[in-house]
Amino acid sequence: MNRRLTIVFLALIAMAALGRAAAQAPLVLDPAKLRLASLNAVVVDASANRPVYAKGANDVTPIASLTKLMTAIVTLDAGPSLDETIAIDVDDLDFVKGTNSRLRMGAALPRREMLRLALMSSENRAASSLARNYPGGTSAFVAAMNAKAESLGMTRTRFADPTGLSPRNVSTANDLALLVAAAAHYPQIREFSTTGSHYVEVQPSGQLLGYNNTNNLVKSAQWDIMVSKTGYIREAGKCLVMLATIASKPFVIVLLDSAGKYTRLGDAQRVRYWLETGQPLPVLASKPVAKSRKAKSAANARPAAKLAASMRTSARGG
């Protein structure tokens, strides 16, 4: 009997050892298990400089406000005083897409705050003012953007303006992974692009304006994000790039041309879950609505629809 107990005990020890070995084994990432809605994407293990997932990663596409990462790099490379005050001018107004801004004509801020707003809240006029106040002006600034892209090996990237409003600002997911990695070397870009919310006092009015980051994930305790930038114009779709620590390793995530307001954020969550578990993110089934509830809602909707129709008829004059 004692011999049998010894054998059983040794077998249990061996099973436990095998379990620990399996737990310590490196996670095998199968790209087929990661299904993303973004049309172009790449996920790079930054510690090994190795892509672990790619989807249309060499397709050239408009990149919208992801451009502002390069705007920040070129600004900082020039070594200007970040405390110098610069103001919004007529040349900073958006005549391409007609977007609005709370930074009115003549609004002045330190260059540091213009840079922060351009990165965290994608402020187009702030980005434009940075380029216009560059030595040689905006044209010299755009030339420097393209030269920097070339030096980084971004061979399929072209910049036409510092904001990303122009659809002629194009790149690929692979090229943008290089841009994110380069941006991570700048402490100001790491700080400003991941600032959750921020207030600025605009001169000369003294008006206090509050801004939020366009990437809500930077405010989530579940994420450890070091660099972040979103982008959107119609030609580019919803875009998102990040450098984040996931499963104790740094990963560059590039998501381009997503449809829908939350698709890029959903894709980011899918990437994180896949990197942590090696499995696709489970889809939560929606709760079925009771028939009685549906019937009640439909019944309540009918009078409202009739009222709305009568109001439309009355508005048209009969």
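Name the residues in the stretch 243-265 that are under 18 Å from residue 44 (Cα atoms), assigned to a helix (DSSP H, G or I) and out of contact with any helix residue (DSSP H, G or I) (no Cβ under 7 Å at 6 or more places or on another chain), would you?
Correct list: 264 only.
May I ask you to say which residue of 54, 48, 78 is under 18 Å from the mean Cα position of the chain (by Cα), surrounded by fewer than 19 Cβ atoms within 10 Å (Cβ to Cβ) and not β-branched (Val, Ile, Thr)?
Working: 48 fails: under 18 Å from the mean Cα position of the chain (by Cα); 78 fails: under 18 Å from the mean Cα position of the chain (by Cα).
Only one candidate passes the filter, namely 54.
Looking only at the stretch 150-165, which residues are surrounded by fewer than 24 Cβ atoms within 10 Å (Cβ to Cβ), over 22 Å from residue 55 (Cα atoms) and touching a residue at least 12 places away in the same chain (Cβ under 8 Å)? Full working, then the answer.
Applying the first criterion (surrounded by fewer than 24 Cβ atoms within 10 Å (Cβ to Cβ)) to the stretch 150-165 yields 150-156, 158, 160-161, 165.
Going one step further and asking which of them are over 22 Å from residue 55 (Cα atoms), we end up with 150-151, 160-161, 165.
If the condition is that a residue be surrounded by fewer than 24 Cβ atoms within 10 Å (Cβ to Cβ), over 22 Å from residue 55 (Cα atoms) and touching a residue at least 12 places away in the same chain (Cβ under 8 Å), then 160, 161, 165 are the ones that fit.
When the residues of the stretch 108-124 are filtered to those that are of a type in the set (A, V, I, L, M, F, W, C) and surrounded by fewer than 24 Cβ atoms within 10 Å (Cβ to Cβ), which remaining residue is farthest from the chain's Cα centre (by Cα)?
Within the stretch 108-124, the subset of a type in the set (A, V, I, L, M, F, W, C) is 108-109, 114-115, 117-120.
Okay, now just the ones that are also surrounded by fewer than 24 Cβ atoms within 10 Å (Cβ to Cβ), so 108-109.
Working: 108: 27, 109: 25 Å.
Top of the filtered list is 108.
Does the stretch 61-89 hold any residues that are touching a strand residue (DSSP E or B) at 6+ places or on another chain (Cβ under 8 Å) and either of a type in the set (Gly, Ala, Ser) or not in a helix (DSSP H, G or I) (or both), and which are they? Full working, then the answer.
Step one: filter the stretch 61-89 for residues touching a strand residue (DSSP E or B) at 6+ places or on another chain (Cβ under 8 Å), giving 61-69, 82-88.
Hits for the stretch 61-89 are 61, 62, 63, 64, 65, 82, 83, 84, 85, 86, 87, 88.
Of all helices (runs of 4 or more DSSP H) completely enclosed by the stretch 101-216, which ones contain at least 3 residues that are not hydrophobic (A, V, I, L, M, F, W, C)? Even if it seems obvious, please write down each step before you answer.
Details: elements: 111-120, 124-132, 137-151, 173-183, 187-193.
Filter on the stretch 101-216 gives 111-120, 124-132, 137-151, 187-193.
Within the stretch 166-191, which residues are among the hydrophobic types (A, V, I, L, M, F, W, C) and surrounded by fewer than 22 Cβ atoms within 10 Å (Cβ to Cβ)?
Initially, the stretch 166-191 is screened for residues among the hydrophobic types (A, V, I, L, M, F, W, C), giving 170, 173, 176-184, 189.
Across the stretch 166-191, the qualifying residues are 170, 178, 181, 182, 184.
Tell me which residues, restricted to the stretch 207-224, are under 19 Å from residue 238 (Cβ atoms) and not hydrophobic (A, V, I, L, M, F, W, C). Walk me through how you get there before you give the answer.
Pass one, the stretch 207-224, residues under 19 Å from residue 238 (Cβ atoms): 212-220, 223.
Once the filter is applied, which keeps residues that are under 19 Å from residue 238 (Cβ atoms) and not hydrophobic (A, V, I, L, M, F, W, C), the stretch 207-224 yields 212, 213, 214, 215, 216, 219, 220.
Considering every residue within the stretch 272-281, establish whether at least one is aliphatic (A, V, I, L, M), under 27 Å from the mean Cα position of the chain (by Cα) and either at pLDDT below 85 or not in a strand (DSSP E or B) (or both).
Just the residues of the stretch 272-281 that are aliphatic (A, V, I, L, M), to begin with: 275, 281.
With the extra rule that they be under 27 Å from the mean Cα position of the chain (by Cα), the set shrinks to 275, 281.
Still in the running and either at pLDDT below 85 or not in a strand (DSSP E or B) (or both): 275, 281.
The answer is yes, given that some residue of the stretch 272-281 is aliphatic (A, V, I, L, M), under 27 Å from the mean Cα position of the chain (by Cα) and either at pLDDT below 85 or not in a strand (DSSP E or B) (or both).
The values are calculated or read from the model by the stated rules, or taken from the named source; none is laboratory data. Computed from a predicted structure; not experimentally measured. When we count neighbours, we look across all protein chains shown, and the Cβ atoms used for this are built from the backbone with ideal geometry, even at glycine.
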